[in-house]
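Colleague: The structure under discussion is supplied below as structure tokens; questions concerning it will follow.
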Amino acid sequence: MANLDAPSGARPLRHNSGGTIRTKEYKIASGSSTNIFTGDFVKLLNTGYIDVAAAGNRLLGVFAGVKYTASDGTPKFSKYWPASTATLGSEDAIAYVYDDPNIVFAIQGDGADAFTQIGNLTDIVATAGSTTTGQSKMELDTSEIGTGTANLRILGLVDDPKNEWGTNAEQEVLIYEHELNQHIDADGTPGV
């Protein structure tokens, strides 16, 4: 049976050490010019705000929604941050992010995957999500799987009878290049 090609970003599966999966609040600047969708990987900017991440960025975690007060005074909770949204009084929006380095995420590969790729590293493919559903369309980059430094470490196949190794397999991953990783080598890359 072929896997369904339906990218939806990353979703938390479990805590690698048995802990509780929860989000932490971060800020998005009023008027920030990038859409951020539920399931998108995000990065921490040197201004203290977050933004959507891309391959090669150190990752903070996975976006899980946002709350803010619209410029007309209406309180909003949304599955995604609409680009260039002005908030009331230019107040910061509050984003919810799964930022624990020990959270195992599920994410679909953008091409063919195999059991032999477990333990390898790869980057993300940052594709624009849906403004209708608020859902991400980020994927795991199957063309970059290897041993060089990258965003994610592949742990295995998501256990689901409708999921199998091959094209568009949904895989379990940990963030390898994590902003909050406490084990950093001298060259600035996460330690193992």
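Colleague: Mind listing just one residue for me: the one in region 121-146 that is farther than 14 Å from Gly109 by Cα, within 13 Å of the chain's Cα centre (by Cα) and not hydrophobic (A, V, I, L, M, F, W, C) and, of those, most open to solvent (accessible area, probe 1.4 Å)?
Modeller: Top of the filtered list is Gln135.
Colleague: Please determine, by comparing only the residues of region 80-109 that are farther than 17 Å from Ile50 by Cα and crowded, with 21+ Cβ neighbours inside 10 Å, which one is modelled with the lowest pLDDT. Please lay out each step first, then the result.
Modeller: Start the filter on region 80-109 by keeping residues that are farther than 17 Å from Ile50 by Cα, which leaves 88-89, 102-109.
Still in the running and crowded, with 21+ Cβ neighbours inside 10 Å: 103, 105-109.
On the way: Ile103: 97, Phe105: 98, Ala106: 98, Ile107: 98, Gln108: 97, Gly109: 94.
Among those residues, the one meeting the criterion is Gly109.
Colleague: Hey, another quick one. Can you work out which of the residues in region 10-42 that are charged (D, E, K, R) and under 17 Å from Arg153 (Cα atoms) is surrounded by the most Cβ atoms within 10 Å (Cβ to Cβ)?
Modeller: To start, the set of residues in region 10-42 that are charged (D, E, K, R) comprises 11, 14, 22, 24-25, 27, 40.
Next, only the ones that are under 17 Å from Arg153 (Cα atoms) stay: 11, 14, 40.
On the way: Arg11: 17, Arg14: 14, Asp40: 29.
Looking at residues that are charged (D, E, K, R) and under 17 Å from Arg153 (Cα atoms), I get Asp40.
Colleague: Here's something else I'd like to know. Do we find that Thr69 is over 17 Å from Thr87 (Cα atoms), without any contact (Cβ under 8 Å) to a residue 60 or more places away in the chain and open to solvent by 40 Å² or more (accessible area, probe 1.4 Å) in this structure?
Modeller: Details: over 17 Å from Thr87 (Cα atoms): no; without any contact (Cβ under 8 Å) to a residue 60 or more places away in the chain: yes; open to solvent by 40 Å² or more (accessible area, probe 1.4 Å): yes.
Spelling it out, it is not the case that Thr69 is over 17 Å from Thr87 (Cα atoms), without any contact (Cβ under 8 Å) to a residue 60 or more places away in the chain and open to solvent by 40 Å² or more (accessible area, probe 1.4 Å).
Colleague: Might you check whether a residue that is among the small types (Gly, Ala, Ser) and in contact with a Gly (Cβ under 9 Å, 6 or more places away or on another chain) occurs anywhere in region 15-25?
Modeller: The initial filter retains those residues of region 15-25 that are among the small types (Gly, Ala, Ser), namely 17-19.
Subset that is in contact with a Gly (Cβ under 9 Å, 6 or more places away or on another chain): none.
Taking every residue of region 15-25 in turn, none turns out to be among the small types (Gly, Ala, Ser) and in contact with a Gly (Cβ under 9 Å, 6 or more places away or on another chain).
Colleague: Return the residues of region 147-184 that are open to solvent by less than 20 Å² (accessible area, probe 1.4 Å), modelled with pLDDT under 95 and assigned to a strand (DSSP E or B); say none if nothing qualifies.
Modeller: Matches in region 147-184: His178 only.
The values are calculated or read from the model by the stated rules, or taken from the named source; none is laboratory data. Since the model is a prediction, treat every value here as computed from it, not as a measurement. Virtual Cβ from ideal backbone geometry, glycine too; neighbours counted across all protein chains shown. When the accessible area is computed, the model is the full protein with side chains, heavy atoms only, and any ligands, DNA or RNA have been set aside. Shrake-Rupley method; radii C 1.70, N 1.55, O 1.52, S 1.80 Å.
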